[in-house]
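Asks: Structure incoming, see below.
The values are calculated or read from the model by the stated rules, or taken from the named source; none is laboratory data. Predicted model only: the values in this text are computed from it and were never measured. Heads up, the Cβs are rebuilt from the backbone with ideal geometry, glycines too, and the neighbour counts pull from every protein chain shown.
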Amino acid sequence: MATSKIDDPRVIEFDVRTDEMLINMGPQHPSTHGVLRLVLRTDGEVVSDVEPHLGYLHRCAEKIGENLTARQWVPYTDRMDYLAAMNMNLGWSLVIEKLLEYDLPERGRHLRVIISEMGRIASHLVAMGTYGLDLGSFTPFLYGFREREKILNLFEEACGARLTYSYLTPGGATADLPVGWTDKCRQFLNQFKEVIPELHTLLTTNSIFVSRTAGIGVMSAKMAVDYGCTGPVLRGSGVYHDLRFHGEERYTEMYEGYVFDVICADPETGEYPESNYEFHGDSLDYPEIPRQAILGDCWHRFYVRMLEVVQSVRLIEQAIEKYEATSGDWGTPIKLVQKLPAKEAYMETEAPRGQMGFYVVGNGDSIPWRVRARSSSFCNLSVTAPLCQGILLADIPAIVGSLDVVMGEIDR
Amino acid sequence: MDLLAVAWPYWHQFFFIIFATIAIGFGFGVLLSKNVVRMAFYLVLSLGSTAGLFFLAGAEFVGAMQLMIYVGGTLVLLIFGVMLTAQKDFINMDTHTQDWILATIVGGSLLMVLLFGAFGAEDWRTPQDINDAHVSATKEATPLGLALTGIRVDTLGESTDAVADGKSGYLMPFIIVSFHLLVVLIGAAYMARTKKLSHATDDKSSRAKLMLFKMEHEEEPLEEAKYVVTHKGKSALNPLDPNDEN
Amino acid sequence: MADFINNIFGIGDSWVGYLIAALIAAVLILHVVAVGALLFIWMERKISGRIQDRLGPTRVGGKYGWLQTLADGIKLIAKEDITPDLADRFLFKIAPYVGLAASYAAFIALPFADGVVAQHVNTAVFFVLAVLGLEVFSVILAGYSSGSKWSLFGAMREAAQVVSYEVPLGMCVVVPVMICGTMNLTTIGNMQAGLFTNWLVFNDPFTFLTAIIYFTCATAGVNRAPFDLAEAESELVAGFHTEYSGLRWSLFFMAEYSSMFVVSALASILFFGGSHGPIPVGQWIGETIGGTWGLSISRIIGVGNLLLKGLIGVTVMMWIRWSFPRLRIDQVMTMCLKYCVPLAALGFIGATTWQYLDLPTANSLVGNPRYEKHEMWTEGVGVTPAADAGPASGIPDPEPHSEDKTANTDSVTVKTLPVSVVKGGER
């Protein structure tokens, strides 16, 4: 494990030698998020090594993409990150539009912002709920899912499905939002703003939650970048990088004209930038950072997600106004059998779990030559092994939960 | 509603037989069993019935103390140790014949000594005699506490002056045992400590700092230009940002 | 009661009366344990449902689903009896019974009202604590004999936790014992009769602190959240009872719920007045009606009082469980050794000093005299205050003990049972 230099602070000498245990956590396990198998090498309660084994949910989506047209492959993206399916659909739609050099009408752009940010809220509610569940707090899970139910009801009205939407397709969306949908959405947002402080009280500022997550799994900025972590995992370590600001032009122009903050702490001070968005009007909006929290630990990753939800609410409000102000084509989908030019295109979007990239190579036919999805959770999961060295067994759900992985996306 | 009324010899004997049988039977179980963990469990049952015997004799405090200290403390420790360290050698323990012989000799002689000592005592008193005493202290905690500090109040009603005078308090053994326990505690704490260097990794913040040190120590130092935070909207990962002109 | 039965049947002094009395007591306590478990599991599901913004069981047995637990019990009994291959069969099978026996035995010394107790044990407090400490065996044996590493982990952690928390628990329990001067639970309960200012929790602020620490240590001692890492479902699947199914699994939970009730009832007897309510309604009713009937009715009200207080304690434990995340094992041990033990010691020293300096209690605010302790450990001529017929000063005499068969005004006790016969309702 470590070198035997006595001066090196990483060396710990023990008087008594105890035996190591090789423990298998999963693939059926309530707290690994999906079918993940973690092989732990532990010495009693202290874990010395973690090796994730993947592939239990592999469904050959990419190979199947070599036999389907662009619009036919949209349902397969749904099933990758099934908790944020709208954002997966968006990524695929954008890359096909990039390949075809197709420009979306204004109304369609605003519709996509509404839908993808609602998907982001839904996904973060699951992340927050299941994280509390991993740590033994059963109630915020149900509160989060209560709100998520309302979002799913709205989605069901829009596209007919609650989990695997296939709504955002290359060219726009399959249908326009129904009449009155934006009013219901506004109603939901107004009511949702009251719930967020409840969740903060139950989890973010709860002293037991803080003692379980603060200072655990600290990841330096350099380590996060080296392992290719993206999304809240990266921003939780203080690296200021969000594809909605810093991504490709084709993606950032979707968010053109919108005002929102990127949630990332300043690495030197450890403080989050002041936001001028007041959504509830009291001190519970932005809870204080606890004393024990270190930038890059599980608590900060969780906190980034909680604050991103607030920014998504802000974005949706602006998007609804802009959507109702524009009229016209919402973005009719492309033809079912649309010939793809003999080029390649790669597009990364900011999905709730990180940077989700799609790569497509056309060859003149309507069926692409190669389809590839770059999964955000895959790279986020790879950081488990170095983070979990020398921790206690009970910290593993805390760390894996804070990385917020979905196996559907990792295994495809 | 006192069930174990000593005025009813049948009842008393009935329960005495039950408890004694369990104690002796499971004691034999400890001897004859081959599995170490089962041996420990049989010992639990055996000592539990000994506590029952104490309750039967009306010594409720001692019985509860037997349960709490012997069964609930010592045997938990024993079972803990046995359970965690029971490897191949000890799952099936076979006792050789010579061990049986040696054990019978040693144990048997100890049994003889105890029996002679027990039956040779002159002062056998049944609980009946205690009740007939002029003044008797009940078996509450206060007389025991007073006895431990040297004042024997349970012998106030003794008819024979010689017997009353001859009983001294238990202060000295109490102090000796207390010191003994203190020494044991200190010794256990000393032995159980893990020798660590000054950069202890117990608490979370130093563990995290160690983590960071690990990262920084193994690779080359951080290049400042790569990871500057600008908060003016520019990405911190400048070289990786395709749209950035810098 | 045994004599009563004997007299009814006209057998005279015979063992039959004692046997029937014992059976009645055992059956009554079994009712408390089993029906209590049924009730508590139903309550847990309903309360957790309401806290989580959902309903809980609503179908079985009417609108509120109160027979749900019974249906679950029947289903569990009908399940296949599976023993894992690597399990040590004997220990695997006996582990749940050990826990249930320990839990059940603690009820022997628990007084449900003034004189309503299965066995008058002088050192009742010590006895209950000792017996509750035996519950750890069921967990250790279950974890070990299941033959799986996961169960072993759970058992190890739980054993360490329960045994560690016995220390501050004992220290907290010593405070009311010290204030009352006796370990007899019936007497401690009776000393708090009357208005609620008599309750020991209002005696001084240190006892108040001690009551809170006691409740925390009791929650840790019965493995309830936030200390429930032994059954941490999301980390070890189900900890030490992973391999159990069917009736054996339900016995673990019965033992857990009855232990929860025991520690809550013990808390209410030690700190919150026991079977005496905040306003002495039962006493007034008993005195108004008078005679044996008044006595019995006031005792029944007392039993109801204690059951209600135990229920409230269990409800608070459930409330806490569904609100907070779980603590890690090292945080649990830190809390025990760094926080609970010093605070319990502080409470003890503070309460002792308060008593010694005779500082005012809640009683003095209301105008009641402080309840007097009295020495009860002797009997005989001129030594005992039991020789006088009246109660010790300061305690409102709850009800006349007409059932007292032994004369406690005799100067020399002849052929008495080796049990203190001072007033306090031990007959």
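Asks: Of everything in the range C:265-292, what is under 14 Å from C:Val303 (Cα atoms) and within 9 Å of the chain's Cα centre (by Cα)? Give them in sequence order.
Replies: C:Ala265, C:Leu266, C:Ser268, C:Ile269
Asks: I would also like to ask the following. Would you point out which residue out of A:Val35, A:Val47, A:Val39, A:Val74 is part of a helix (DSSP H, G or I) and at pLDDT 70 or above?
Replies: Every option except A:Val74 fails the conditions.
Asks: Only one residue in C:Ile82, C:Ile41, C:Ile74 is in a helix (DSSP H, G or I), hydrophobic (A, V, I, L, M, F, W, C) and surrounded by fewer than 18 Cβ atoms within 10 Å (Cβ to Cβ), so which one is that?
Replies: Being in a helix (DSSP H, G or I), hydrophobic (A, V, I, L, M, F, W, C) and surrounded by fewer than 18 Cβ atoms within 10 Å (Cβ to Cβ) holds for just one of C:Ile82, C:Ile41, C:Ile74, which is C:Ile74.
Asks: Taking the range B:48-61 on its own, how many of its residues are part of a helix (DSSP H, G or I), of a type outside the set (Asp, Glu) and farther than 22 Å from B:Gly25 by Cα?
Replies: Going through the range B:48-61 one residue at a time, the tally reaches 1.
Asks: Please specify each residue of the range A:153-189 satisfying the condition of being surrounded by 19 or more Cβ atoms within 10 Å (Cβ to Cβ) and assigned to a loop (DSSP other than H, G, I, E, B).
Replies: A:Tyr165, A:Ser166, A:Tyr167, A:Pro170, A:Gly171, A:Thr174, A:Leu177
Asks: If I filter the range A:372-390 for residues that are modelled with pLDDT of 90 or more, buried (at least 22 other Cβ atoms within 10 Å of the Cβ) and either part of a loop (DSSP other than H, G, I, E, B) or within 14 Å of chain C (Cβ to nearest Cβ) (or both), do I get at least one hit?
Replies: Yes, because at least one residue in the range A:372-390 is modelled with pLDDT of 90 or more, buried (at least 22 other Cβ atoms within 10 Å of the Cβ) and either part of a loop (DSSP other than H, G, I, E, B) or within 14 Å of chain C (Cβ to nearest Cβ) (or both).
Asks: Now for a different question. Considering only the range A:230-252, state which residues are touching a residue at least 12 places away in the same chain (Cβ under 8 Å), of a type in the set (Val, Ile, Thr) and assigned to a helix (DSSP H, G or I).
Replies: Across the range A:230-252, the qualifying residue is only A:Val233.
Asks: Among the residues of the range C:51-71, which ones are within 14 Å of chain A (Cβ to nearest Cβ), part of a loop (DSSP other than H, G, I, E, B) and not charged (D, E, K, R)?
Replies: C:Gln52, C:Leu55, C:Gly56
Asks: Follow-up. Between a residue in the range A:203-229 that is free of Cβ contacts under 8 Å to residues at least 40 places away in the same chain and any residue that is part of a helix (DSSP H, G or I) and surrounded by fewer than 24 Cβ atoms within 10 Å (Cβ to Cβ), which pairs come within a Cβ distance under 7 Å, given they are 6 or more apart or on different chains?
Replies: Taking only residues 6 or more apart or on different chains, the pairs are A:Lys222/B:Met215.
Asks: May I pose another question? State all residues of the range C:216-230 that are among the β-branched types (Val, Ile, Thr), surrounded by 24 or more Cβ atoms within 10 Å (Cβ to Cβ) and farther than 14 Å from C:Ala155 by Cα; if no residue qualifies, say none.
Replies: Passing the criteria: none in range.
Asks: Going by what's in this entry, would A:Val239 be described as crowded, with 24+ Cβ neighbours inside 10 Å and at the interface with chain B (Cβ under 10 Å from one of its Cβ atoms)?
Replies: yes
Asks: Right, something else. Determine, yes or no, whether C:Ile212 is part of a helix (DSSP H, G or I), assigned by TED's automatic domain parsing to the domain that holds C:Pro111 and modelled with pLDDT of 90 or more. It would help to see each step written out before you state the result.
Replies: Values: part of a helix (DSSP H, G or I): yes; assigned by TED's automatic domain parsing to the domain that holds C:Pro111: yes; modelled with pLDDT of 90 or more: yes.
Spelling it out, C:Ile212 is indeed part of a helix (DSSP H, G or I), assigned by TED's automatic domain parsing to the domain that holds C:Pro111 and modelled with pLDDT of 90 or more.
For (1) among the acidic types (Asp, Glu); (2) within 20 Å of C:His31 (Cα to Cα); (3) touching a Phe, Trp or Tyr at 6+ places or on another chain (Cβ under 9 Å), each residue gets a yes or a no:
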{"residue": "C:Ala267", "(1), (2), (3)": "no, no, yes"}
{"residue": "C:Trp284", "(1), (2), (3)": "no, no, no"}
{"residue": "C:Glu287", "(1), (2), (3)": "yes, no, no"}
{"residue": "C:Gly290", "(1), (2), (3)": "no, no, no"}
{"residue": "C:Leu306", "(1), (2), (3)": "no, yes, yes"}
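Asks: Kindly indicate the residue of the range A:341-369 that is of a type outside the set (D, E, K, R) and within 16 Å of the chain's Cα centre (by Cα) and also surrounded by the fewest Cβ atoms within 10 Å (Cβ to Cβ) among those meeting that condition.
Replies: Residue satisfying both the conditions and the ranking: A:Gly357.
Asks: Further question on the same structure: Scan the range A:253-274 residue by residue and report those that are more than 8 Å from chain B (Cβ to nearest Cβ) and either in a helix (DSSP H, G or I) or of a type in the set (D, E, K, R) (or both).
Replies: A:Glu253, A:Met254, A:Tyr255, A:Glu256, A:Asp261, A:Glu271, A:Glu274
Asks: Taking the stated definitions as given, is B:Phe61 more than 16 Å from the chain's Cα centre (by Cα), at the interface with another protein chain (Cβ under 9 Å from one of its Cβ atoms) and in contact (Cβ under 8 Å) with a residue 60 or more places away in the chain?
Replies: Taking the combined requirement at face value, the residue satisfies it.
Asks: Considering the range C:44-88 alone, what residues qualify as being small (Gly, Ala, Ser) and either modelled with pLDDT of 85 or more or closer than 22 Å to C:Val314 by Cβ (or both)?
Replies: Hits for the range C:44-88 are C:Ser48, C:Gly49, C:Gly56, C:Gly61, C:Gly65, C:Ala71, C:Gly73, C:Ala78.
Asks: Now for a different question. Which one of C:Met178, C:Met171 is part of a helix (DSSP H, G or I), among the hydrophobic types (A, V, I, L, M, F, W, C) and closer than 30 Å to B:Phe80 by Cβ?
Replies: Numbers: C:Met178 fails: closer than 30 Å to B:Phe80 by Cβ.
Step by step, each of C:Met178, C:Met171 is checked, and only C:Met171 is part of a helix (DSSP H, G or I), among the hydrophobic types (A, V, I, L, M, F, W, C) and closer than 30 Å to B:Phe80 by Cβ.
Asks: Please go through (1) within 14 Å of another protein chain (Cβ to nearest Cβ); (2) outside any helix (DSSP H, G or I); (3) crowded, with 24+ Cβ neighbours inside 10 Å for A:Ala398 and return the number of the only condition it doesn't satisfy.
Replies: With respect to (1) within 14 Å of another protein chain (Cβ to nearest Cβ); (2) outside any helix (DSSP H, G or I); (3) crowded, with 24+ Cβ neighbours inside 10 Å, A:Ala398 is out only on (2).
Asks: Considering only the range C:350-368, state which residues are surrounded by fewer than 12 Cβ atoms within 10 Å (Cβ to Cβ) and either touching a Lys or Arg at 6+ places or on another chain (Cβ under 6 Å) or at pLDDT 90 or above (or both).
Replies: Correct list: empty.
Asks: Moving to a separate point now. Would you say A:Leu133 is more than 13 Å from chain C (Cβ to nearest Cβ), in a helix (DSSP H, G or I) and out of contact with any Leu (no Cβ under 6 Å at 6 or more places or on another chain)?
Replies: Values: more than 13 Å from chain C (Cβ to nearest Cβ): no; in a helix (DSSP H, G or I): yes; out of contact with any Leu (no Cβ under 6 Å at 6 or more places or on another chain): yes.
Spelling it out, it is not the case that A:Leu133 is more than 13 Å from chain C (Cβ to nearest Cβ), in a helix (DSSP H, G or I) and out of contact with any Leu (no Cβ under 6 Å at 6 or more places or on another chain).
Asks: Starting from residues that are in contact (Cβ under 8 Å) with a residue 12 or more places away in the chain and of a type in the set (S, T, N, Q), keep the ones in the range C:297-335 and report whichever is nearest to the other protein chains (Cβ to nearest Cβ).
Replies: C:Ser323
Asks: Same structure, new question: Can you tell me how many residues in the range C:130-147 are more than 9 Å from chain B (Cβ to nearest Cβ) and among the hydroxyl-bearing types (Ser, Thr, Tyr)?
Replies: 2
Asks: Moving on to the next point. For the range A:242-278, which residues satisfy the criterion of being buried (at least 23 other Cβ atoms within 10 Å of the Cβ) and touching a Gly at 6+ places or on another chain (Cβ under 7 Å)?
Replies: A:Cys264, A:Ala265
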